[in-house]
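Trainee: Handing you this structure, nothing more for now.
The values are calculated or read from the model by the stated rules, or taken from the named source; none is laboratory data. Everything numeric in this text was worked out from a predicted model, so none of it was measured. Note that we place each Cβ from the backbone using ideal geometry, even for glycine, and neighbour counts take in every protein chain shown. Only protein heavy atoms, including side chains, enter the accessible area calculation; ligands, DNA and RNA are left aside. Shrake-Rupley method; radii C 1.70, N 1.55, O 1.52, S 1.80 Å.
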Amino acid sequence: AAKAAGRDRLMPYEPALQQEAQDRLSLLADLRQALDSGELEMHYQPQIELASGQLIGFEALMRWRHPTRGLVPPSVFIPLAEESGLIVAMGAWALLVACRDAARWPGSLRVAVNVSAHQFERSPLELHVIEALERSGLRADRLEVELTESALLQDNHRAIDLLTRLRALGVRIALDDFGTGFSSLAYLRRLPLDQLKIDRAFIADLDHARAGARARAIVSAIHDLAQALGLHTVAEGIETVGQQDVLAEMGCSIGQGFLFAQALPRDATQAFVELAHREGLAAAREAQLESSHG
Ligand code: C2E
Ligand code: MG
Ligand code: MG
Ligand code: MG
(Lines give C-alpha, C1' and ligand atoms only; values in the text may rest on other atoms or scores of the structure.)
(Ligands and ions follow the chains in the order given, each with its own letter.)
Protein backbone atom coordinates (compact mmCIF):
# COMPACT_ATOMS: atom_id res chain seq x y z
CA ALA A 1 0.00 0.00 0.00
CA ALA A 2 2.85 2.31 0.87
CA LYS A 3 4.36 1.57 -2.52
CA ALA A 4 1.12 2.32 -4.33
CA ALA A 5 0.71 5.57 -2.41
CA GLY A 6 4.29 6.49 -3.33
CA ARG A 7 3.57 5.82 -6.96
CA ASP A 8 0.40 7.90 -6.76
CA ARG A 9 2.32 10.77 -5.32
CA LEU A 10 4.82 10.63 -8.17
CA MET A 11 2.12 10.51 -10.84
CA PRO A 12 1.65 14.26 -11.40
CA TYR A 13 5.35 14.66 -12.19
CA GLU A 14 5.63 11.84 -14.67
CA PRO A 15 4.30 13.59 -17.77
CA ALA A 16 6.74 16.45 -17.18
CA LEU A 17 9.66 14.06 -16.76
CA GLN A 18 8.64 12.14 -19.83
CA GLN A 19 8.39 15.35 -21.80
CA GLU A 20 11.87 16.33 -20.65
CA ALA A 21 13.32 12.95 -21.61
CA GLN A 22 11.64 13.19 -25.03
CA ASP A 23 13.01 16.69 -25.55
CA ARG A 24 16.49 15.47 -24.79
CA LEU A 25 16.12 12.57 -27.18
CA SER A 26 14.89 14.75 -30.02
CA LEU A 27 17.62 17.31 -29.35
CA LEU A 28 20.20 14.50 -29.36
CA ALA A 29 18.84 13.20 -32.68
CA ASP A 30 19.19 16.73 -34.09
CA LEU A 31 22.68 17.09 -32.66
CA ARG A 32 23.78 13.97 -34.54
CA GLN A 33 22.98 15.85 -37.77
CA ALA A 34 24.22 19.25 -36.68
CA LEU A 35 27.87 18.83 -37.56
CA ASP A 36 27.24 17.42 -41.05
CA SER A 37 24.50 19.98 -41.74
CA GLY A 38 26.84 22.86 -40.98
CA GLU A 39 24.75 24.07 -38.04
CA LEU A 40 27.72 24.38 -35.68
CA GLU A 41 29.76 27.58 -35.61
CA MET A 42 32.75 28.82 -33.70
CA HIS A 43 32.51 32.26 -32.13
CA TYR A 44 35.43 34.12 -30.56
CA GLN A 45 35.67 36.19 -27.39
CA PRO A 46 38.62 38.63 -27.07
CA GLN A 47 41.27 38.18 -24.38
CA ILE A 48 43.03 41.35 -23.23
CA GLU A 49 46.40 41.79 -21.53
CA LEU A 50 45.32 43.90 -18.55
CA ALA A 51 48.59 45.78 -18.00
CA SER A 52 48.93 47.00 -21.60
CA GLY A 53 45.31 46.93 -22.73
CA GLN A 54 46.41 44.94 -25.79
CA LEU A 55 44.43 42.25 -27.56
CA ILE A 56 46.34 38.98 -27.18
CA GLY A 57 43.88 36.47 -28.60
CA PHE A 58 40.45 34.85 -28.35
CA GLU A 59 38.65 31.98 -26.68
CA ALA A 60 36.76 29.88 -29.23
CA LEU A 61 33.19 29.14 -28.11
CA MET A 62 30.92 26.76 -29.97
CA ARG A 63 27.40 27.74 -31.05
CA TRP A 64 24.61 25.61 -32.47
CA ARG A 65 22.26 27.33 -34.91
CA HIS A 66 19.31 24.94 -34.73
CA PRO A 67 16.91 25.18 -37.70
CA THR A 68 13.80 25.61 -35.53
CA ARG A 69 15.01 26.25 -31.97
CA GLY A 70 17.38 29.07 -32.87
CA LEU A 71 20.72 29.48 -31.15
CA VAL A 72 21.12 26.65 -28.60
CA PRO A 73 23.68 27.50 -25.89
CA PRO A 74 26.64 25.19 -25.19
CA SER A 75 25.40 24.67 -21.62
CA VAL A 76 22.56 22.66 -23.22
CA PHE A 77 24.27 20.80 -26.06
CA ILE A 78 27.82 20.21 -24.76
CA PRO A 79 26.59 17.91 -21.95
CA LEU A 80 24.50 15.98 -24.53
CA ALA A 81 27.52 15.74 -26.80
CA GLU A 82 29.63 14.49 -23.90
CA GLU A 83 27.17 11.79 -22.80
CA SER A 84 26.64 10.52 -26.35
CA GLY A 85 30.28 10.63 -27.40
CA LEU A 86 29.45 13.08 -30.22
CA ILE A 87 31.93 15.44 -28.55
CA VAL A 88 34.81 13.50 -30.10
CA ALA A 89 33.86 14.48 -33.68
CA MET A 90 32.63 17.92 -32.62
CA GLY A 91 35.83 18.56 -30.69
CA ALA A 92 38.08 17.59 -33.60
CA TRP A 93 36.02 19.88 -35.83
CA ALA A 94 36.27 22.74 -33.29
CA LEU A 95 40.07 22.43 -33.15
CA LEU A 96 40.41 22.49 -36.93
CA VAL A 97 38.03 25.42 -37.49
CA ALA A 98 39.53 27.48 -34.64
CA CYS A 99 43.08 26.91 -35.94
CA ARG A 100 42.04 27.78 -39.51
CA ASP A 101 40.30 30.97 -38.41
CA ALA A 102 43.21 31.99 -36.16
CA ALA A 103 45.70 31.39 -38.97
CA ARG A 104 44.03 34.30 -40.85
CA TRP A 105 44.38 36.75 -37.95
CA PRO A 106 47.25 39.24 -38.13
CA GLY A 107 50.21 39.19 -35.76
CA SER A 108 50.65 36.35 -33.34
CA LEU A 109 47.16 36.39 -31.79
CA ARG A 110 46.32 33.18 -29.96
CA VAL A 111 43.22 31.01 -29.94
CA ALA A 112 42.07 29.03 -26.90
CA VAL A 113 39.93 25.95 -27.57
CA ASN A 114 37.87 24.18 -24.89
CA VAL A 115 38.36 20.46 -24.48
CA SER A 116 35.88 18.63 -22.27
CA ALA A 117 36.51 15.69 -19.95
CA HIS A 118 35.22 12.94 -22.25
CA GLN A 119 37.25 14.33 -25.13
CA PHE A 120 40.38 14.48 -23.01
CA GLU A 121 39.95 10.96 -21.69
CA ARG A 122 38.63 9.06 -24.68
CA SER A 123 39.56 10.75 -27.93
CA PRO A 124 42.89 10.79 -29.76
CA LEU A 125 43.33 14.41 -28.67
CA GLU A 126 47.03 14.62 -29.49
CA LEU A 127 46.36 13.40 -33.02
CA HIS A 128 43.48 15.86 -33.47
CA VAL A 129 45.71 18.71 -32.29
CA ILE A 130 48.55 17.74 -34.64
CA GLU A 131 46.11 17.41 -37.56
CA ALA A 132 44.51 20.79 -36.85
CA LEU A 133 47.92 22.48 -36.68
CA GLU A 134 49.17 20.82 -39.85
CA ARG A 135 46.04 21.44 -41.89
CA SER A 136 45.69 25.07 -40.78
CA GLY A 137 49.36 25.98 -40.79
CA LEU A 138 48.91 27.67 -37.40
CA ARG A 139 52.06 27.85 -35.30
CA ALA A 140 51.66 25.59 -32.27
CA ASP A 141 52.41 28.34 -29.75
CA ARG A 142 49.35 30.24 -30.99
CA LEU A 143 47.05 27.41 -29.89
CA GLU A 144 45.95 27.01 -26.30
CA VAL A 145 43.90 24.13 -24.94
CA GLU A 146 41.49 24.81 -22.06
CA LEU A 147 40.70 21.95 -19.70
CA THR A 148 38.63 21.80 -16.54
CA GLU A 149 39.71 20.14 -13.35
CA SER A 150 37.22 17.32 -13.83
CA ALA A 151 39.10 16.22 -16.96
CA LEU A 152 42.36 15.96 -15.10
CA LEU A 153 41.27 14.12 -12.01
CA GLN A 154 40.33 10.77 -13.50
CA ASP A 155 43.75 9.45 -14.35
CA ASN A 156 46.42 11.79 -13.17
CA HIS A 157 49.35 9.93 -14.72
CA ARG A 158 47.73 9.82 -18.14
CA ALA A 159 46.75 13.48 -17.83
CA ILE A 160 50.30 14.54 -17.00
CA ASP A 161 51.65 12.45 -19.86
CA LEU A 162 49.19 13.83 -22.42
CA LEU A 163 49.67 17.44 -21.31
CA THR A 164 53.44 17.00 -21.44
CA ARG A 165 53.22 15.76 -25.03
CA LEU A 166 50.92 18.62 -26.06
CA ARG A 167 53.30 21.13 -24.51
CA ALA A 168 56.23 19.50 -26.27
CA LEU A 169 54.46 20.41 -29.52
CA GLY A 170 54.48 24.03 -28.32
CA VAL A 171 50.76 24.14 -27.44
CA ARG A 172 49.81 26.09 -24.30
CA ILE A 173 47.59 24.62 -21.59
CA ALA A 174 45.06 26.52 -19.48
CA LEU A 175 43.11 25.18 -16.51
CA ASP A 176 39.55 26.53 -16.93
CA ASP A 177 36.97 27.51 -14.29
CA PHE A 178 39.60 27.28 -11.58
CA GLY A 179 38.25 27.26 -8.06
CA THR A 180 34.94 25.55 -8.81
CA GLY A 181 36.10 21.97 -9.27
CA PHE A 182 37.51 19.55 -6.78
CA SER A 183 40.68 21.60 -6.63
CA SER A 184 43.48 19.59 -5.21
CA LEU A 185 46.56 21.67 -4.70
CA ALA A 186 48.66 18.51 -4.74
CA TYR A 187 47.97 17.77 -8.40
CA LEU A 188 48.33 21.41 -9.44
CA ARG A 189 51.98 21.19 -8.51
CA ARG A 190 52.55 18.29 -10.89
CA LEU A 191 50.51 19.34 -13.91
CA PRO A 192 52.35 20.96 -16.80
CA LEU A 193 50.23 24.12 -17.22
CA ASP A 194 50.66 27.65 -18.55
CA GLN A 195 47.63 29.48 -17.19
CA LEU A 196 44.91 29.34 -14.58
CA LYS A 197 41.55 30.78 -15.56
CA ILE A 198 39.81 32.10 -12.47
CA ASP A 199 36.13 31.18 -12.58
CA ARG A 200 33.75 34.00 -13.28
CA ALA A 201 31.78 33.35 -10.09
CA PHE A 202 34.66 34.92 -8.13
CA ILE A 203 35.11 37.79 -10.59
CA ALA A 204 31.43 38.72 -10.44
CA ASP A 205 31.66 39.42 -6.70
CA LEU A 206 34.88 41.46 -6.81
CA ASP A 207 33.21 44.87 -6.69
CA HIS A 208 30.22 43.90 -4.53
CA ALA A 209 29.75 46.05 -1.46
CA ARG A 210 29.34 43.08 0.90
CA ALA A 211 30.74 39.99 -0.87
CA GLY A 212 33.64 41.93 -2.37
CA ALA A 213 36.19 41.56 0.42
CA ARG A 214 35.91 37.78 0.46
CA ALA A 215 35.99 37.48 -3.33
CA ARG A 216 39.08 39.71 -3.45
CA ALA A 217 40.78 37.51 -0.85
CA ILE A 218 40.03 34.39 -2.90
CA VAL A 219 41.06 35.86 -6.24
CA SER A 220 44.22 37.30 -4.75
CA ALA A 221 45.09 33.93 -3.17
CA ILE A 222 44.56 32.16 -6.52
CA HIS A 223 46.72 34.77 -8.22
CA ASP A 224 49.54 34.36 -5.65
CA LEU A 225 49.35 30.59 -6.00
CA ALA A 226 49.56 30.84 -9.79
CA GLN A 227 52.50 33.17 -9.57
CA ALA A 228 54.34 30.87 -7.18
CA LEU A 229 53.83 28.05 -9.68
CA GLY A 230 55.00 30.20 -12.59
CA LEU A 231 51.55 30.38 -14.21
CA HIS A 232 49.70 33.32 -15.74
CA THR A 233 46.21 34.12 -14.52
CA VAL A 234 43.25 34.81 -16.74
CA ALA A 235 40.12 36.37 -15.24
CA GLU A 236 36.95 35.31 -17.05
CA GLY A 237 33.62 37.12 -16.94
CA ILE A 238 34.84 40.70 -16.35
CA GLU A 239 31.74 42.87 -16.70
CA THR A 240 32.65 46.14 -14.97
CA VAL A 241 35.52 48.63 -14.92
CA GLY A 242 35.59 48.16 -11.13
CA GLN A 243 36.36 44.44 -11.54
CA GLN A 244 38.96 45.20 -14.20
CA ASP A 245 40.70 47.72 -11.90
CA VAL A 246 40.86 45.31 -8.95
CA LEU A 247 42.32 42.59 -11.20
CA ALA A 248 44.85 44.88 -12.87
CA GLU A 249 46.02 46.08 -9.46
CA MET A 250 46.48 42.48 -8.30
CA GLY A 251 48.69 41.86 -11.32
CA CYS A 252 46.34 39.43 -13.06
CA SER A 253 47.75 39.05 -16.58
CA ILE A 254 44.76 38.53 -18.86
CA GLY A 255 41.09 39.49 -18.81
CA GLN A 256 38.07 38.33 -20.73
CA GLY A 257 34.42 39.32 -20.40
CA PHE A 258 31.42 41.26 -21.62
CA LEU A 259 33.16 44.51 -20.57
CA PHE A 260 35.48 44.02 -23.56
CA ALA A 261 33.21 42.05 -25.91
CA GLN A 262 30.96 39.02 -26.16
CA ALA A 263 31.92 36.12 -28.37
CA LEU A 264 31.76 37.26 -32.01
CA PRO A 265 30.97 35.24 -35.14
CA ARG A 266 33.92 34.42 -37.40
CA ASP A 267 33.51 37.30 -39.86
CA ALA A 268 32.95 39.87 -37.12
CA THR A 269 36.07 38.52 -35.40
CA GLN A 270 38.10 38.93 -38.57
CA ALA A 271 36.91 42.54 -38.93
CA PHE A 272 37.66 43.10 -35.22
CA VAL A 273 41.27 41.83 -35.41
CA GLU A 274 42.02 43.76 -38.57
CA LEU A 275 40.77 47.02 -37.07
CA ALA A 276 42.52 46.34 -33.75
CA HIS A 277 45.73 45.67 -35.69
CA ARG A 278 45.46 48.90 -37.71
CA GLU A 279 43.88 51.34 -35.28
CA GLY A 280 44.02 49.76 -31.84
CA LEU A 281 41.64 47.89 -29.58
CA ALA A 282 39.49 50.92 -28.67
CA ALA A 283 38.61 51.50 -32.34
CA ALA A 284 37.78 47.82 -32.84
CA ARG A 285 35.52 47.78 -29.76
CA GLU A 286 33.74 50.94 -30.84
CA ALA A 287 33.09 49.63 -34.35
CA GLN A 288 31.88 46.32 -32.92
CA LEU A 289 29.46 47.99 -30.51
CA GLU A 290 28.12 50.18 -33.31
CA SER A 291 27.50 47.25 -35.65
CA SER A 292 25.89 45.10 -32.94
CA HIS A 293 23.49 47.86 -31.92
CA GLY A 294 22.41 48.37 -35.49
P1 C2E B 1 33.89 28.42 -20.51
O2 C2E B 1 34.94 27.72 -21.26
O3 C2E B 1 34.17 28.74 -19.08
O4 C2E B 1 33.59 29.73 -21.36
C5 C2E B 1 33.29 30.97 -20.80
C6 C2E B 1 31.78 31.23 -20.81
O7 C2E B 1 31.52 32.44 -20.11
C8 C2E B 1 31.20 31.40 -22.21
O9 C2E B 1 29.88 30.90 -22.20
C10 C2E B 1 31.17 32.93 -22.34
O11 C2E B 1 30.25 33.40 -23.29
C12 C2E B 1 30.78 33.30 -20.94
N13 C2E B 1 31.19 34.67 -20.62
C14 C2E B 1 32.29 35.33 -21.04
N15 C2E B 1 32.35 36.56 -20.51
C16 C2E B 1 31.26 36.70 -19.73
C17 C2E B 1 30.76 37.77 -18.91
O18 C2E B 1 31.34 38.85 -18.78
N19 C2E B 1 29.59 37.52 -18.23
C20 C2E B 1 28.92 36.36 -18.33
N21 C2E B 1 27.78 36.22 -17.64
N22 C2E B 1 29.37 35.31 -19.10
C23 C2E B 1 30.52 35.50 -19.78
P24 C2E B 1 29.34 29.94 -23.35
O25 C2E B 1 29.87 30.37 -24.67
O26 C2E B 1 27.87 29.84 -23.15
O27 C2E B 1 30.00 28.55 -23.04
C28 C2E B 1 29.70 27.84 -21.87
C29 C2E B 1 30.61 26.65 -21.68
O30 C2E B 1 30.41 25.69 -22.71
C31 C2E B 1 32.09 27.02 -21.77
O32 C2E B 1 32.51 27.59 -20.55
C33 C2E B 1 32.69 25.66 -22.06
O34 C2E B 1 32.81 24.91 -20.87
C35 C2E B 1 31.63 25.02 -22.94
N36 C2E B 1 32.04 25.16 -24.35
C37 C2E B 1 31.86 26.19 -25.20
N38 C2E B 1 32.40 25.94 -26.41
C39 C2E B 1 32.94 24.70 -26.33
C40 C2E B 1 33.67 23.86 -27.26
O41 C2E B 1 33.97 24.22 -28.41
N42 C2E B 1 34.06 22.63 -26.81
C43 C2E B 1 33.80 22.22 -25.52
N44 C2E B 1 34.21 21.00 -25.15
N45 C2E B 1 33.15 22.98 -24.64
C46 C2E B 1 32.72 24.21 -25.03
MG1 MG C 1 36.89 27.98 -21.48
MG1 MG D 1 35.75 29.13 -18.05
MG1 MG E 1 32.61 27.76 -17.52
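Trainee: So how tilted is helix 212-228 from the main axis of the chain? Cα-based, degrees 0 to 90, rounded to 10.
Mentor: 70 degrees
Trainee: Hey, how many Å between the Cα centroid of segment 72-91 and the Cα centroid of segment 149-218?
Mentor: 22 Å
Trainee: So, one more: Please compute the per residue accessible area over the chain with all protein chains in place, 1.4 Å probe, rounded to a whole number of Å².
Mentor: 51 Å²
Trainee: With a 1.4 Å probe and all protein chains left in place, how much of the accessible area of segment 29-141 comes from carbon and sulfur atoms, in whole percent?
Mentor: 49 percent
Trainee: Hey, any idea what % of segment 252-292's accessible area is carbon plus sulfur with a 1.4 Å probe?
Mentor: That fraction is 50 percent.
Trainee: Against the longest alpha carbon principal axis of the chain, how many degrees, from 0 to 90 and to the nearest 10, is the axis of helix 74-84 turned?
Mentor: Between helix and principal axis, roughly 60 degrees.
Trainee: Which whole-number percent is the relative contact order of the chain (Cα, under 8 Å, 6+ apart)?
Mentor: With pairs under 8 Å counted, the relative contact order is 17 percent.
Trainee: Work out the length of the dipole vector of segment 21-171 about its Cα centre, built from +1 on the beta-carbon of each Lys and Arg and -1 on the beta-carbon of each Asp and Glu, and round it to the nearest 20 debye.
Mentor: Roughly 320 debye for segment 21-171.
Trainee: Please sort 14-23, 78-87 by packing, taking for each peptide the average over its residues of neighbouring beta carbons within 10 angstrom, highest first.
Mentor: Those peptides, ordered most packed to least, come out 78-87, 14-23.
Trainee: Now for a different question. No solvent, one uniform scatterer per C-alpha: report log10 I(q)/I(0) for segment 185-264 via the Debye equation at q = 0.12, 0.17, 0.18, 0.24 1/Å, two decimals.
Mentor: -0.33, -0.63, -0.70, -1.11
Trainee: According to the Kirkwood expression over distinct Cα-Cα pairs, how big is the hydrodynamic radius of the chain, in Å?
Mentor: Evaluated on the chain, it is 20.6 Å.
Trainee: Across all directions of projection, what mean area in square nanometres is found for the Cα convex hull of segment 110-208?
Mentor: 6.7 nm²
Trainee: What spacing in nm lies between the two simple spin-label points modelled at Arg122 and Ala282, each 7 Å away from Cα in the Cβ direction?
Mentor: Between Arg122 and Ala282, the simple spin-label model gives 5.1 nm.
Trainee: Magnitude of the Cβ-charge dipole of the chain, K/R +1 and D/E -1, about the Cα centre, nearest 20 debye?
Mentor: It works out to roughly 400 debye.
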